[in-house]
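The values are calculated or read from the model by the stated rules, or taken from the named source; none is laboratory data. These figures come from a predicted structure and were not determined experimentally. Glycine gets a Cβ as well: all are built from the backbone with ideal geometry, and neighbour counts include every protein chain shown. Only protein heavy atoms, including side chains, enter the accessible area calculation; ligands, DNA and RNA are left aside. Shrake-Rupley method; radii C 1.70, N 1.55, O 1.52, S 1.80 Å.
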Amino acid sequence: MNMIRRYRRNPIAIGVAILVLIGLLFSALWIMIPPPPKKIEIATGFPTGLYYHFGERLKQELAKESVELKVRSTGGTLDNLKLLSDPKSKVDFALIQGGVADVAHYPHLVSIAGMFYEPMWVWYRPSSFAQEKGELSVLSQLKGKRVSIGNIGSGTLVLSNALLHEGGLEKSDFHAEMLNPEKALEQFKRGELDVVMLVSAAEAPLLQEFYKVPGIRLMSFDQAEAYSRRLPYLARVNVPRGLLSIEHDLPSRDITVLAPTATLVGHDDMSPALVTLLLSNTYDILKTYSHLQKAHQFPSGENLDFPLQADAEIYLNDGPSFLHRHLPFWTAVWVGRFVKIVIPLLVILIPVFTYVPAIKNFALRLKLSRVYEELKAVEKNASNLNMEIENYQKIADIERRVDNIKVSALDAKELYDLKGHVANVRVRLNLYSAANQTPAMFKNDE
């Protein structure tokens, strides 16, 4: 007991205790609510496409918040899905083309947000459609033509097959070439292809290479409304004349295209703070991707294949949290994590603290009641001459122990009441002793 009192008055011991308490709190914080990682990886697409370009832009923005993003070049959406669903790949996020994934096969993936439209551009040579007066307006006109429908692993290939199937075309009806965009462009320039189908955002660097190919046009989907109703993940998008390139007058007339949405997808156990960081940085990036979408249309939580992550839904509806609006990212992360631990602890500890005085009072009363039991026994035997010496020894022991009891100011009354009762019992012993002429050595107060 004395050792505990000495430690309680020792500033060094108090400091060590506080540091230990803080260490335990932060250990619990680290285990129960891990911090967001500072190194993440995203699967994108070909280096000439907008997926990769978007990843590089995001990398620059995240670096400002001390988060390192590795951008992995891939063959496209199908490759991205394989990487994202493979724990050994170390890929945390990926850009996925809408309508490609069979969601039932990927139960642990969620959408963070739709990022931008990426239409299906169908480039064609008017000379290949002489019988149609140089116009390609429905996909059934592709019979017998040489058509690049996208490389294996790409979203272009998946969407091309879906559109051609809806149009009633089989691969035996035309000459299908499964080429990546770069190879398709080279063969197109050499006149080895009649049509190139390409899924790409309007801002993609690759798309600009097609502007330089002479004598080609962009198809306008006359059946766009029908396709969008049969394939709900497709949006019907109007492209005004010259929107892609005023210099090259592309398209040379107003056209209608079909566009899935490029979606940022991740694992369902991702850090909520990381979701906030990604979304807050995509807003600035997407301001430059404004050719086809309306202002503030993206990032969006609509028309997504995978379910929208809960924290992303809150962010898209309400914006960033109070902490992230007013504090630097990592400060907000640590404050938020601390609050998530402290508030539940307070909910538990505050009711407990309200019972502490009652428990303390009960413990004191229990201690005093034991003394009263002993005092009661001494008083009962006060008149017994054979126990006179023993009674004086017991009352002296009781007095000594009572003097060593320490109580707070609020409990002082109970202690002094006990001391008064002990004194009354000693007076009674003295009276019996005087009546029976007990030796003086046993009558002194000890």
Next item on the list: Between V427 and Y372, with labels modelled 7 Å along Cα→Cβ, what's the label distance in nm to one decimal, could you check?
Entry: 1.9 nm
Checklist line | Burial order of peptide ranges 225-231, 36-42, 151-157 (average beta-carbon count within 10 Å, highest first) | finding: 151-157, 36-42, 225-231
Checklist line | Per-residue ³J(HN,Hα) for the stretch 77-88, Karplus 6.51 cos²θ - 1.76 cosθ + 1.60, θ = phi - 60°, Hz, x for Gly and Pro | finding: 4, 5, 4, 4, 5, 4, 5, 5, 8, 9, x, 6
Margin query: Under a crude label model (7 Å from the Cα following the beta-carbon direction), how far is K70 from E247 in nanometres?
Written below: 3.7 nm
Notebook entry, point to check: Percent of accessible area on the stretch 55-118 owned by carbon and sulfur, 1.4 Å probe?
Noted result: 49 percent
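Could you put Y372, Y392 in order of accessible surface area, largest first, with the 1.4 Å probe and the full protein assembly present?
Output order, biggest surface exposure first: Y372, Y392.
Around L198, under 13 Å between beta carbons, what's the net of Lys plus Arg minus Asp minus Glu among the other residues?
Every neighbour counted, the sum reads -3.
State the percentage of accessible surface on the stretch 119-249 attributable to carbon and sulfur atoms; use a 1.4 Å probe and exclude ligands, DNA and RNA.
The C+S portion of the solvent-accessible surface of the stretch 119-249 is 47 percent.
If R₀ is 41 angstrom, what is the calculated FRET efficiency for the pair I359 and E379, using the beta carbon separation as r and rounding to 0.05?
Result of the calculation: an efficiency of 0.85.
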Check: Taking a ≥ b ≥ c as the square roots of the eigenvalues of the Cα gyration tensor of the stretch 41-129, is the shape rounded (a/c under 1.5), prolate (a/b larger than b/c) or oblate?
Finding: oblate
Margin query: Tell me the net charge near S300. Cut-off is 12 Å between Cβ atoms, S300 excluded, with +1 for each Lys or Arg and -1 for each Asp or Glu.
Written below: -1
Notebook entry, point to check: What distance in nm separates the simple spin-label points at K406 and D269, each placed 7 Å from Cα in the Cβ direction?
Noted result: 5.0 nm
Margin query: Using a probe radius of 1.4 Å on heavy atoms only, what accessible surface per residue do you get for the stretch 158-228? Whole Å² is fine.
Written below: 43 Å²
Margin query: Please compare each pair in K38/K287; K367/K406; K189/K212; K90/K183; K143/K171 to a cut-off of 21 Å on the Cα-Cα distance and tell me which ones are over it.
Written below: K38/K287; K90/K183
Next item on the list: Assuming a ≥ b ≥ c are the square roots of the Cα gyration tensor eigenvalues, decide whether the stretch 31-93 counts as rounded (a/c under 1.5), prolate (otherwise, with a/b larger than b/c) or oblate.
Entry: oblate
